[in-house]
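Enquirer: Here's a structure for you.
The values are calculated or read from the model by the stated rules, or taken from the named source; none is laboratory data. Owing to the predicted nature of the structure, the values given are computational and were not obtained by experimental measurement. All Cβ positions, even for glycine, are placed from backbone atoms using ideal geometry, and neighbour counts span all protein chains on display. Each accessible area value is taken on the protein alone, full model and side chains, heavy atoms only, with ligands, DNA and RNA left out. Shrake-Rupley method; radii C 1.70, N 1.55, O 1.52, S 1.80 Å.
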Amino acid sequence: MTSLTQTDWRSLARTLRPRRQAFIDGRFVDALSGRTFPAYNPATGEVIAEVAACDAADVDRAVRAARRAFESGVWRDLKPAERKAVLLRWAGLIRENLPELALLETLDTGKAIKESLSVDVPSAAAAIQWYAETIDKLYDEIAPNGPSSLVMVTREPVGVVAGVIPWNYPLIIASWKIGPALAAGNSMILKPAEEASLSALKLAELAQEAGLPDGVFNVVPGLGPEAGQAIGLHPDIDAVLFTGSTEVGRKFLEYSARSNLKRVGLELGGKSPHIVTADADLEKAAMYVAYAIWYNLGQTCNAGSRLIIEQSVKERFLELLRPWAQRLYPGDPLEPTTELGALISAEHLDRVRGYIELGQREGAEVAIGGRQIGQERGGWYLEPTVLVGVKNDMRVAREEIFGPVLSVLEFDRLEEAVAIANDSPYGLAAALWCRDISTAHRTARQLRAGTVWVNAFDHTSINAPFGGYKQSGHGRDKSLHAFDKVTELKTTWVELH
Ligand code: NDP
């Protein structure tokens with residue numbers, strides 16, 4: 001790692017030639033229409049590549065290739081150990097290509113190179129490896145039905161699975177979809193976000209090098225209303241695994257209803273409550289509250305965007321938070337010591353700033369940050385921000401801002417905190433800081449969220465399921481539960497005469 005931290009990322013960036021074509025049926029190809037769209041570097045506002053803009057015709061081509069590969073059995077009928085070996089090779093190649101993948105991720109999303117190197121790329125490799133390792137370890141079931149029947153319950157791949165993913169963690173979220181889909185023997189089509197397609201195209205190159213047969217893994221970059229919608233409506237895709245906004249998630253349910261009732265896995269937005277009681281370890285909690293909202297500039301579906309703090313310690317807690325806002329100050333993402341980079345786009349920056357102004361109009365006050373910075377670099381930077389005096393019925397407490405903006409709410413009794421936490425259309429994650437173990441367990445049960453952290457935030461592992469209650473989605477990414485959306489359960493009933 002020492003050599004990577006000393007790498008001159010700016011020079012490397014100048015020599016990088018990102019893949020920009022779609023990857024269909026084992027070949028890099030232009031969109032049939034010949035159209036492209038620009039990929040921007042959020043740190044500078046510059047165009048870094050013109051990427052193939054796939055539409056319905058390209059999606060159809062990818063689906064045909066994926067279907068052909070699936071029906072031929074080149075992948076699903078491999079011996080489990082053989083399929084495992086290919087995916088393990090892929091995970092190994094991702095690790096070997098750490099510098100290039102990390103650089104692509106940073107240039108395309110504006111996130112700090114330090115994070116791309118230490119979190120995004122290693123996590124993606126680890127996820128693919130983890131699912132690879134399950135392939136020859138998962139057994140099927142026999143349903144007990146007496147001595148004269150043999151009732152087998154087996155899992156089979158659904159067929160063609162599509163992943164439609166966002167721009168905030170392109171490699172990590174792709175790996176959460178790819179891992180279970182390919183481990184189960186499906187073929188796959190991946191549509192990365194318009195804002196961040198480059199690392200997915202590099203993944204495709206490495207998939208081929210690892211020995212994935214043609215057509216098993218395809219990448220169709222393009223715009224949501226074109227490539228994304230074509231995936232949603234395609235009659236020959238069996239399942240879509242979507243991560244993104246609740247609004248677009250809703251569309252995928254409609255697409256499914258209007259087409260072939262394909263399965264839809266939804267990992268959507270959040271407004272995660274972070275409850276801190278007066279008896280908690282406040283110093284530690286402050287560090288976690290800071291990272292929970294400011295890591296990746298709050299562009300995280302489970303960001304701890306609502307701090308629900310016991311009134312008696314609010315002022316002290318804000319003082320503990322202040323140095324973290326300084327320490328996590330955004331800078332040039334290619335500088336190895338930078339903690340936070342730039343927001344994804346100029347439109348997104350405007351949207352987040354709009355929420356800060358809206359909060360003030362609603363009666364909240366900016367206690368920390370709030371200003372756009374770094375204009376001289378040409379990119380889209382915003383200070384870590386804290387809004388105080390927020391009430392839970394304000395839009396800044398109810399809507400996903402997806403930026404570095406913490407809304408602070410107060411409580412006197414813990415029941416009040418739980419009521420505020422649960423009073424949200426979302427239920428992706430929640431956290432509680434307190435020292436009493438009974439209170440911790442009781443409260444964890446009361447919180448309506450797919451993940452509840454006690455005395456932590458964002459601790460994560462590929463073997464722990466991740467997904468939401470309520471309008472944060474349904475189905476789970478990660479863990480063995482992720483196989484549910486990409487496999488069919490077959491009952492085979494044999495009578496022994
Ligand atoms: P979207 O939900 O719009 O995008 C997610 C994916 O869906 C992208 O690949 C996108 O393609 C695609 N898509 C967009 N519109 C359609 C459509 N009509 N039909 C089919 N597919 C479509 O997220 P955004 O990137 O636009 O971000 C908007 C907001 O969504 C954020 O500010 C945040 O609140 C939330 N969000 C939540 C995420 C999470 O992790 N839960 C991740 C990202 C965003 P394309 O990008 O090319 O348009």
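Enquirer: Check Leu32, Leu4 and return the single one that is on the phi < 0 side of the Ramachandran plot, of a type in the set (A, V, I, L, M) and open to solvent by 90 Å² or more (accessible area, probe 1.4 Å).
Expert: Within the list Leu32, Leu4, the selection yields Leu32.
Enquirer: Looking at (1) closer than 29 Å to Arg76 by Cβ; (2) free of Cβ contacts under 8 Å to residues at least 40 places away in the same chain; (3) of a type in the set (D, E, K, R), find the lone condition where Lys490 falls short.
Expert: Result: Lys490 passes all but (2).
Enquirer: Just checking, how many residues over the range 389-416 are away from the ligand (no atom under 16 Å from the Cβ) and either part of a loop (DSSP other than H, G, I, E, B) or open to solvent by less than 20 Å² (accessible area, probe 1.4 Å) (or both)?
Expert: 11
Enquirer: Could you list all residues from the range 1-38 that are part of a loop (DSSP other than H, G, I, E, B) and within 15 Å of Ala49 (Cβ to Cβ)?
Expert: Matches in the range 1-38: Leu16, Arg17, Pro18, Arg19, Arg20, Gln21, Asp30, Ala31, Arg35.
Enquirer: Within the range 421-444, can you find the residues that are assigned to a loop (DSSP other than H, G, I, E, B) and more than 16 Å from the ligand (Cβ to nearest atom)?
Expert: Here is the first cut: in the range 421-444, the residues assigned to a loop (DSSP other than H, G, I, E, B) are 423-425, 428, 434-436.
Hits for the range 421-444 are Asp423, Cys434, Arg435, Asp436.
Enquirer: Filter the range 278-307 down to residues that are away from the ligand (no atom under 16 Å from the Cβ) and touching a Ser or Thr at 6+ places or on another chain (Cβ under 8 Å) and give me whichever is most open to solvent (accessible area, probe 1.4 Å).
Expert: So, considering only residues that are away from the ligand (no atom under 16 Å from the Cβ) and touching a Ser or Thr at 6+ places or on another chain (Cβ under 8 Å), the one most open to solvent (accessible area, probe 1.4 Å) is Ala278.
Enquirer: A further question follows. Given the options Glu105, Glu100, name the one that is open to solvent by less than 40 Å² (accessible area, probe 1.4 Å), of a type in the set (D, E, K, R) and touching a helix residue (DSSP H, G or I) at 6+ places or on another chain (Cβ under 7 Å).
Expert: Glu105
Enquirer: What about Ala419, is it open to solvent by less than 30 Å² (accessible area, probe 1.4 Å) and more than 22 Å from Arg351 (Cβ to Cβ)?
Expert: Judged against the criteria, Ala419 is not a match.
Enquirer: Further, regarding this structure: Give all pairs with beta carbons closer than 8 Å in which a residue from the range 188-210 that is farther than 19 Å from Ala65 by Cβ meets a residue that is at pLDDT 95 or above and among the polar types (S, T, N, Q); count only pairs at least 6 apart in sequence or on separate chains.
Expert: Pairs that qualify, where the first residue is farther than 19 Å from Ala65 by Cβ and the partner is at pLDDT 95 or above and among the polar types (S, T, N, Q), are Glu195/Thr109; Glu195/Ser345; Ala196/Thr109; Lys202/Asn97.
Enquirer: Hey, another quick one. Here are Gly331, Gly354, Gly374: which of them is under 28 Å from the mean Cα position of the chain (by Cα) and surrounded by fewer than 17 Cβ atoms within 10 Å (Cβ to Cβ)? Reasoning before the result, please.
Expert: Working: Gly331 fails: surrounded by fewer than 17 Cβ atoms within 10 Å (Cβ to Cβ); Gly374 fails: surrounded by fewer than 17 Cβ atoms within 10 Å (Cβ to Cβ).
Only one candidate qualifies: Gly354.
Enquirer: Right, something else. Among what's in the range 209-230 and is within 16 Å of the ligand (Cβ to nearest atom) and in a loop (DSSP other than H, G, I, E, B), pick the residue that is nearest to Leu253 (Cα to Cα).
Expert: The extreme case among them is Leu223.
Enquirer: Identify all residues within the range 156-175 that are more than 11 Å from the ligand (Cβ to nearest atom) and either open to solvent by 10 Å² or more (accessible area, probe 1.4 Å) or assigned to a strand (DSSP E or B) (or both); write none if there are none.
Expert: Residues satisfying the conditions are Glu156, Pro157, Val158, Val160, Val161.
Enquirer: Identify the residue in the range 231-274 that is hydroxyl-bearing (Ser, Thr, Tyr) and more than 8 Å from the ligand (Cβ to nearest atom) and, among all such residues, is most open to solvent (accessible area, probe 1.4 Å).
Expert: The residue in question is Ser259.
Enquirer: Please find, within the range 183-206, the residue that is farthest from the ligand (Cβ to nearest atom) out of those that are in a helix (DSSP H, G or I) and open to solvent by less than 10 Å² (accessible area, probe 1.4 Å).
Expert: Among residues in the range 183-206 that are in a helix (DSSP H, G or I) and open to solvent by less than 10 Å² (accessible area, probe 1.4 Å), the one farthest from the ligand (Cβ to nearest atom) is Ala183.
Enquirer: Within 15 Å of the ligand (Cβ to nearest atom), closer than 24 Å to Pro465 by Cβ and among the hydrophobic types (A, V, I, L, M, F, W, C): does that describe Trp130?
Expert: The answer is no for Trp130.
Enquirer: Please work out which one of (1) open to solvent by 10 Å² or more (accessible area, probe 1.4 Å); (2) within 16 Å of the ligand (Cβ to nearest atom) is the condition Leu382 fails and give its number.
Expert: (1)
Enquirer: Please go through (1) in a helix (DSSP H, G or I); (2) touching a Pro at 6+ places or on another chain (Cβ under 7 Å); (3) open to solvent by 40 Å² or more (accessible area, probe 1.4 Å) for Glu50 and return the number of the only condition it doesn't satisfy.
Expert: Against the list (1) in a helix (DSSP H, G or I); (2) touching a Pro at 6+ places or on another chain (Cβ under 7 Å); (3) open to solvent by 40 Å² or more (accessible area, probe 1.4 Å), Glu50 comes up short only on (1).
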